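Asks: One structure coming up, written as structure tokens, with questions to follow.
The values are calculated or read from the model by the stated rules, or taken from the named source; none is laboratory data. Just so we're clear, the structure is a prediction, and the values are computed from it rather than from any experiment. So basically every Cβ, Gly included, is an ideal-geometry build from the backbone, and we count neighbours across all protein chains shown. Calculation scope for accessible area: heavy atoms of the full protein, side chains included, ligands and nucleic acids excluded. Shrake-Rupley method; radii C 1.70, N 1.55, O 1.52, S 1.80 Å.
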Amino acid sequence: MRLLAVGAGLVAVVGMLLLVVAATPQVTSLAWALVAFGTVGLVAATLVGIVRRELRHEATRLVDTVAQGILEVLPPAEILGPLLDRVYGPSEHNLAVLTSVLGGAGLATDGSDLTISEHTDVVCRLNRVDDVYFQLVMEVDYAFRRRVPASTFVFFATSDPVLRDSIVVGSTQSLFELWFVSDDAKTPVFDDSVESMRASVRLGMTYVDGDNGRHEVRDAAPALREIHSPDWPKYLSFFRGGGGGGAQLDHRQYLAKLRMFEVDLSSLVGAGTTSYQILGIRVRSTTLQLLGNRSCYWQAPYPCFVRTIGFDTRGLDIGTAQDELFRVQPFTSRPQAGPQRWASSEEVENLPLEAWCLPGNGVHFMWRDEDRRAIPTDDRP
């Protein structure tokens, strides 16, 4: 099309030159014919170019509209699944990645089976009990991107590292929390610790009822119903061979290392409310941990955009606020959050994280006693 316009322009120019040098009526007539032909050709080429550009624009807009429409009507798993197979190669193990990224199975077109917290704030308070144990009081505030049509909240408690690292991906529940207890082989405390944690649970909840009315529940002490081992496969996919391609685990081997509890959220909503959806939830619980580990961590149960995370260490009683005894190590896509060195208690009390955490991502918190200040030279503040 560009060549046609250039050719028509050249014809018109030749006609103009002939008019300038014309000496006979025949040449003059030819010159005018060339000018007319070139002008018509140039106008035609310009119009065709405009029409072609507009058609290309409309075609692009139509393709974008159709593509957007397809994305709206297809379940998220049907969109992301083929992409993961194309990028990673076809594998049953891709299911674990898909579930982690989406925050659920992703089989519902409207995303109602996905749990994604777009605003998450975490506060951890550490209180020394004695020379062996400390209490980790953890409060997490979740605000969900979509309304979550869940009627239960599940607590998983385990002392097994394998289960600790598997539950966040293997859970079939929309709303859950994980407790990990570092058990002492010489003095087993798992069951006693779990019972203590069970009594410490407090829930806050924001929800909408069937008439779209907004309600808030503050600091409720819910009843936790224990889920017994024959029903564990209903709550954890890897006990029935559906753990994203991982090996099936025998739940009978974990009877002394795993306990589950369920909260009926219907007991927290207003009397007479039969239909509701969760907008946000606040979970506070206290776990008993081994002081000798000199560390604790928070791990995302589903995709969470974490705004802040803080560690209140006043109850540890290991040094003054000015002592550089603490270190924060996020294991996220943005590992630079917080001081990149050993820091004082005041510096770790409220840290802006501003990062997405997928299941398995989180923040590791460490400390050292005053009488164990020796650290490598390149790790000093």
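Asks: From A143, A108, A199, which residue is of a type in the set (A, V, I, L, M, F, W, C) and touching a helix residue (DSSP H, G or I) at 6+ places or on another chain (Cβ under 9 Å)?
Replies: Values: A143 fails: touching a helix residue (DSSP H, G or I) at 6+ places or on another chain (Cβ under 9 Å); A199 fails: touching a helix residue (DSSP H, G or I) at 6+ places or on another chain (Cβ under 9 Å).
Among A143, A108, A199, only A108 is of a type in the set (A, V, I, L, M, F, W, C) and touching a helix residue (DSSP H, G or I) at 6+ places or on another chain (Cβ under 9 Å).
Asks: Additional query: Given the options T158, T115, T120, T152, name the one that is modelled with pLDDT of 95 or more and either open to solvent by less than 30 Å² (accessible area, probe 1.4 Å) or closer than 14 Å to M205 by Cα (or both).
Replies: Working: T158 fails: modelled with pLDDT of 95 or more; T115 fails: modelled with pLDDT of 95 or more; T152 fails: modelled with pLDDT of 95 or more.
Testing whether each residue is modelled with pLDDT of 95 or more and either open to solvent by less than 30 Å² (accessible area, probe 1.4 Å) or closer than 14 Å to M205 by Cα (or both) leaves just T120.
Asks: Just for the stretch 310-369: of the residues that are in a strand (DSSP E or B) and of a type in the set (D, E), which one is nearest to V132 (Cα to Cα)? Walk me through how you get there before you give the answer.
Replies: Let us first name the residues in the stretch 310-369 that are in a strand (DSSP E or B), namely 310-315, 326-331, 343, 351-357, 359, 361-367.
Then drop every residue that is not of a type in the set (D, E), which leaves 312, 354.
Details: D312: 19, E354: 34 Å.
Only one residue tops the list, namely D312.
Asks: Considering every residue within the stretch 263-273, establish whether at least one is assigned to a loop (DSSP other than H, G, I, E, B), in contact with a helix residue (DSSP H, G or I) (Cβ under 7 Å, 6 or more places away or on another chain) and among the small types (G, A, S).
Replies: Here is the first cut: in the stretch 263-273, the ones assigned to a loop (DSSP other than H, G, I, E, B) are 268-273.
Those left that are additionally in contact with a helix residue (DSSP H, G or I) (Cβ under 7 Å, 6 or more places away or on another chain): none.
No; the residues of the stretch 263-273 include none that is assigned to a loop (DSSP other than H, G, I, E, B), in contact with a helix residue (DSSP H, G or I) (Cβ under 7 Å, 6 or more places away or on another chain) and among the small types (G, A, S).
Asks: Among residues belonging to the stretch 328-343 that are modelled with pLDDT of 75 or more and touching a helix residue (DSSP H, G or I) at 6+ places or on another chain (Cβ under 8 Å), point out the one that is least open to solvent (accessible area, probe 1.4 Å). Please lay out each step first, then the result.
Replies: The first filter runs over the stretch 328-343 and keeps only residues modelled with pLDDT of 75 or more, leaving 328-332, 339-343.
Subsequent filtering for residues that are touching a helix residue (DSSP H, G or I) at 6+ places or on another chain (Cβ under 8 Å) retains 328, 339, 341-342.
Details: V328: 9, P339: 25, R341: 73, W342: 25 Å².
Checking each candidate, the answer is V328.
Asks: Here's another thing I want to ask about it. Among the numbered conditions (1) outside any strand (DSSP E or B); (2) open to solvent by less than 50 Å² (accessible area, probe 1.4 Å); (3) farther than 26 Å from C304 by Cβ, tell me where V194 comes up short.
Replies: For V194, the exception is condition (3).
Asks: Does R284 count as more than 27 Å from the chain's Cα centre (by Cα) and under 15 Å from C124 (Cβ atoms)? So that I can check it myself, show each step before the final result.
Replies: Values: more than 27 Å from the chain's Cα centre (by Cα): no; under 15 Å from C124 (Cβ atoms): yes.
Against the criterion (more than 27 Å from the chain's Cα centre (by Cα) and under 15 Å from C124 (Cβ atoms)), R284 does not qualify.
Asks: In the stretch 274-302, which residues are touching a Gly at 6+ places or on another chain (Cβ under 8 Å), under 21 Å from G204 (Cβ atoms) and part of a loop (DSSP other than H, G, I, E, B)?
Replies: S275, A300, Y302
Asks: To continue, here is another question. Kindly list, by first and then second residue, each pair from a residue in the stretch 287-300 that is in contact (Cβ under 8 Å) with a residue 24 or more places away in the chain and over 16 Å from D165 (Cβ atoms) to a residue that is in a strand (DSSP E or B) and basic (K, R), limited to pairs with Cβ atoms under 7 Å and residues at least 6 apart or on different chains.
Replies: Close Cβ pairs (under 7 Å, with a partner that is in a strand (DSSP E or B) and basic (K, R)) amount to L291/R128.
Asks: Something else now. Determine the pairs where a residue that is farther than 19 Å from A77 by Cβ and at pLDDT 90 or above, located within the stretch 238-256, has a partner that is of a type in the set (A, V, I, L, M) and assigned to a helix (DSSP H, G or I) with Cβ atoms under 9 Å apart, the partner being 6 or more residues away or on another chain.
Replies: Y254/V162; Y254/L163
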